[in-house]
Amino acid sequence: MTEEQQNRDDLRCIGCGAKIQTTDPKEPGYTPQSALEKGLKNNELYCQRCFRLRHYNEIAPVSLSDDDFLRLLSQIRNDDALIVYVVDIFDFNGSIIPGLHRFVGSNPVLLVGNKEDLLPRSLRRSKLRDWLRQQANLAGLRPIDTVLVSAKKNHQIDYLLEVIDKYRQGRDVYFVGVTNVGKSTLVNQIIKRQTGIKELITTSKFPGTTLDKIEIPLDDGHQLIDTPGIIHQHQMAHVLSAKDLKYVSPQKEIKPRTYQLDPEQTIFIGGVARFDYLTGHHAGIIAYFDNNLPLHRTKLGNADRFYEKHLGELLTPPTKDELKEFPPLERQEFHLSEKSDVVFEGLGWITVPAGTTVAAWVPKGVSSLVRRAMI
């Protein structure tokens, strides 16, 4: 094998990290030979998948399994590194990587809450940091620090870099997180700060954009490493069409919506979820969802007929064209002894007072749960 062939065998897409190949369009890293030559010439080598995602917002399926992603992450425990664990504040529970401590070994973990700009400004950020730390503790993590940022708004990035430099102590830095938490957007902001290069890494609302670890050299000879996003199959993003992903990826500050409910009333969250207020006092509940996601209130006794009649029209998403692919809603009941958030994973939550019984309906395969109220 010639040196040139060897070098080409080591080429990787700078957008997703996949190994570049020119033989199989269905496999990760494919790029046409002509595009390969152009990319090498311009020192900007993207696979065809990343190129089309960046320029046309088109997504192509890939053959990597969850096990492939987990295997890549498992390499971290053998390195001496700082782990920057990025979570989506708006979808914290959907951001949890089960058993993360097994992947990081004895390496310290810095918890970064992204998308803090989506939460009401009235919420004290010190209180939010405490809430995140407590939730991380419940998940078995003991982060050395917690930082709130908005990668999209470029907020607190400089401060995050200071904290990273404080804790990394001359080591490599691994960025880890599940899909859709904005991890690659955050890394892009850091690269821009360090080099002036904009959007080096491919970012998208679609799950699984980063396919392999991407290594960015630091000034002291160490590296900043962006790892693949772990795909949670129970995320709402997996049951929505591409055009409806906007509802699970809000772009503006969430405006809480308050409803005064009596027992046996129902709120439909578009057509993708449902909340039943079963027992309790007349009370105000507060809904936190994308501002454009329609909510409809009706009586519990009429809810099933209402859903059957209006799904795909008044209750959207999904639209009528998408009903064949949309899974049925499944019910889970909760008895709440303290003020709690009823979470529709990947979509939002409803804050409910203590002493109530409620039910959450979500598409089959998507999770609902109860947690201590964030706000």
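The values are calculated or read from the model by the stated rules, or taken from the named source; none is laboratory data. These numbers were taken from a predicted model, which means no experiment stands behind them. Don't worry about glycine lacking a Cβ; one is built from the backbone with ideal geometry, like all the others, and counts go over all protein chains shown.
Observations
- Among the candidates Ile164, Ile201, Ile216, Ile191, residue that is at pLDDT 90 or above and not polar (S, T, N, Q): Ile164
- Scan of segment 307-363 for residues that are free of Cβ contacts under 8 Å to residues at least 60 places away in the same chain and in a strand (DSSP E or B), ordered by number: Leu311, Leu315, Leu329, Glu330, Arg331, Gln332, Glu333, Phe334, His335, Leu336, Ser340, Asp341
- Filtered residues of segment 261-283 (kept if surrounded by fewer than 15 Cβ atoms within 10 Å (Cβ to Cβ) and of a type outside the set (Ser, Thr, Tyr)): Asp262, Glu264, His281, His282
- Residue under evaluation Arg121, criteria (1) in contact (Cβ under 8 Å) with a residue 40 or more places away in the chain; (2) under 30 Å from Pro256 (Cβ atoms); (3) crowded, with 21+ Cβ neighbours inside 10 Å; (4) not acidic (Asp, Glu), criterion not met: (3)
- Scan of segment 111-138 for residues that are touching a Pro at 6+ places or on another chain (Cβ under 6 Å) and not in a helix (DSSP H, G or I), ordered by number: Leu111
Here's the yes/no breakdown for (1) modelled with pLDDT of 85 or more; (2) surrounded by 19 or more Cβ atoms within 10 Å (Cβ to Cβ):
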{"site": "Gly208", "(1), (2)": "no, yes"}
{"site": "His222", "(1), (2)": "no, no"}
{"site": "Gly229", "(1), (2)": "no, yes"}
{"site": "Tyr259", "(1), (2)": "yes, no"}
{"site": "Ile285", "(1), (2)": "yes, yes"}
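- The residues of segment 87-108 that are more than 14 Å from the chain's Cα centre (by Cα) and either polar (S, T, N, Q) or surrounded by fewer than 20 Cβ atoms within 10 Å (Cβ to Cβ) (or both), listed by number, are Pro98, Gly99, His101, Arg102, Gly105, Ser106, Asn107, Pro108.
- Arg171, sole failed condition from (1) surrounded by fewer than 21 Cβ atoms within 10 Å (Cβ to Cβ); (2) at pLDDT 85 or above; (3) within 20 Å of the chain's Cα centre (by Cα): (3)
- Scanning segment 352-368 for residues that are within 21 Å of the chain's Cα centre (by Cα) and either of a type in the set (S, T, N, Q) or not assigned by TED's automatic domain parsing to the domain that holds Asn292 (or both) yields a total of 2.
- Test: residue in segment 358-365 that is over 22 Å from Leu118 (Cα atoms) and β-branched (Val, Ile, Thr): yes
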